[in-house]
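The values are calculated or read from the model by the stated rules, or taken from the named source; none is laboratory data. These figures come from a predicted structure and were not determined experimentally. Here the Cβ positions follow ideal geometry from the backbone for every residue, glycine too, while neighbour counts run over all protein chains shown.
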Amino acid sequence: MKDKHSISFSTEEPILFNSNHERIDVNKLIETCMKDPKRILVDDEIGVVVYVGDMGIYRVSAFGDPTTGQPPPDPNGHWGQQVIQISRVRFPARIIRHQIGSVVMSITADSVFLIREKYIRKIRAEDLEKGMVLHTGEKVYW
Amino acid sequence: MTFKNQLEESVFRIAKDICGSLATIEHNKVIQIERTDKIETATFSGPPKKEIDVITAGYEPNVRLLISCKQYGTNKAEPSDVQEWAAVVGTMNKYSKGNVFFGLIISPSGFTSGCEGWATSSNLALIPPLKNRPTKFEFETSLEMTGRVLRAFGKRLAFPHEELLGPPGFYNFVFELTKAFEGRDRQKKEQQGGRYELLGKGWLSSFGELVEMLIGKNIVDVVATTECLGLKLSGGLAFRVVGDQILFGPDDNSPPGTSNESLCKKNLSSDDCTFEFVKNLIKDQRLTSAADFGSHFEFGLSNEINLGFYPKMLHVVRTREPIEANLL
């Protein structure tokens, strides 16, 4: 873990860990949060969203910093992004797979990425194409 | 109280339910900045003001969500709608005496793609969300999104929320809360209205959720009424087939209809058998698999029995090979 200052929302099932670098199970974390009604931002037909911003939860990312675009400090570095809220969706979108940078990932088709062209623009995961470059510098391989 | 259109009326009622007396609606309201002691706002006609229609959802102690409702029939809201609201919210914040203003624009017919840049850079939220696809949401879905956002926002404010204040924090917060409606609406369409429903909640559900919740549970009893066939399961759960619909979830012990022994068949040859026979055969067995054939629903049981739920009929078949030597 190299950095803990960037912030992210988490809607997939990411690799989460605490400030002691211990792996955390997403479902168990949500169950824990569900016992504290204050943390449940919403629990309805669409799914559950819980607040974890004060629990010292981080997600591992192999991409650069989502805010500054700064790349991970070294090729093997894990970028720790603080997680503010976690969602569990009851009707997830279609799952697709891409290799971006050194990472092969399963993501929902409607996930949003930022790519660098003449300007930085948003793109849905299902529209990512080989050769595109994220604004954080990682290349889309497939 | 008068409303300019159905959208405005519905959104105000939602805001009232959630924010109580802190929800207000004003037409042709002349809004004025709160701080009027700045040299740059001095003019011959007084400080800046603008006439708007606004629903305000207020949150203690000092947060105000300014909602603009755009009901344009089939036309989408344009960047000028977003720019106007950005000017209102931005100016209110710049000359605020302590209140923090957020902005939300609701346009059930959607937004043109040019709206996004103006909304993100101004930290205004949009309902329905722009997803870079011609995603059409129903009018009702936009209202559901609004309720979800207003409820979640109130609870979110109880925690530190600095990241929502700067662009595109609030835009993203609302986007994350509303983007998953696409999956729910698609599922509803695929199920032609809603084949799967969660008992008690009345929420739309899915075959996947049924499998996740029921597989591994034991059959406690079989339920047969004039309206439904079903199972009582371990863990206080229930499974019911009512017409074309499948309901499952926490057992409310009130299946529709009156008690009525169902028609029962056994083996692939559909031989007659009694309800009691089926009951004794499947009681205490564990659900190991499930299949939905549209016309009927089947569970695989731990004693190698397939239990089929047909309209008003239960059908049991032993799956052990050879079939002929293992007839029931």
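Taking segment A:88-121, which residues are crowded, with 16+ Cβ neighbours inside 10 Å, farther than 24 Å from residue A:30 by Cβ and not β-branched (Val, Ile, Thr)? Within segment A:88-121, A:98, A:101, A:113 meet the criteria. Scanning segment B:299-316 for residues that are over 22 Å from residue B:260 (Cβ atoms) and either small (Gly, Ala, Ser) or surrounded by 16 or more Cβ atoms within 10 Å (Cβ to Cβ) (or both) turns up B:300, B:301, B:302, B:305, B:306. The C-beta contact set for segment B:46-59 (first residue over 20 Å from residue B:18 (Cα atoms), second residue among the hydroxyl-bearing types (Ser, Thr, Tyr) and not in a strand (DSSP E or B), distance under 9 angstrom, 6+ apart or interchain) comprises B:46/B:36; B:47/B:36; B:47/B:41; B:47/B:95; B:48/B:41; B:48/B:91; B:48/B:95; B:50/B:91. Among the residues of segment A:85-112, those identified as part of a loop (DSSP other than H, G, I, E, B) and at the interface with another protein chain (Cβ under 10 Å from one of its Cβ atoms) are A:90, A:91, A:92, A:93, A:94, A:109, A:110, A:111. Just one residue in the set B:182, B:163 is under 23 Å from residue A:88 (Cα atoms), of a type in the set (Asp, Glu) and within 16 Å of the chain's Cα centre (by Cα); that residue is B:182. Beta carbons closer than 7 Å, at least 6 apart along the sequence or on distinct chains, pair a first residue in segment B:279-293 that is in the same structural domain as residue B:246 (by TED's automatic domain parsing) and at positive phi with a second that is in a strand (DSSP E or B) and surrounded by 13 or more Cβ atoms within 10 Å (Cβ to Cβ) for B:284/B:218; B:284/B:219. Selection over segment B:292-328 of residues that are closer than 16 Å to residue B:217 by Cα and either outside any strand (DSSP E or B) or under 30 Å from the mean Cα position of the chain (by Cα) (or both) gives a count of 5.
The requirement of being assigned by TED's automatic domain parsing to the domain that holds residue B:77, within 19 Å of residue B:56 (Cβ to Cβ) and at pLDDT below 95 is not satisfied by residue B:123.
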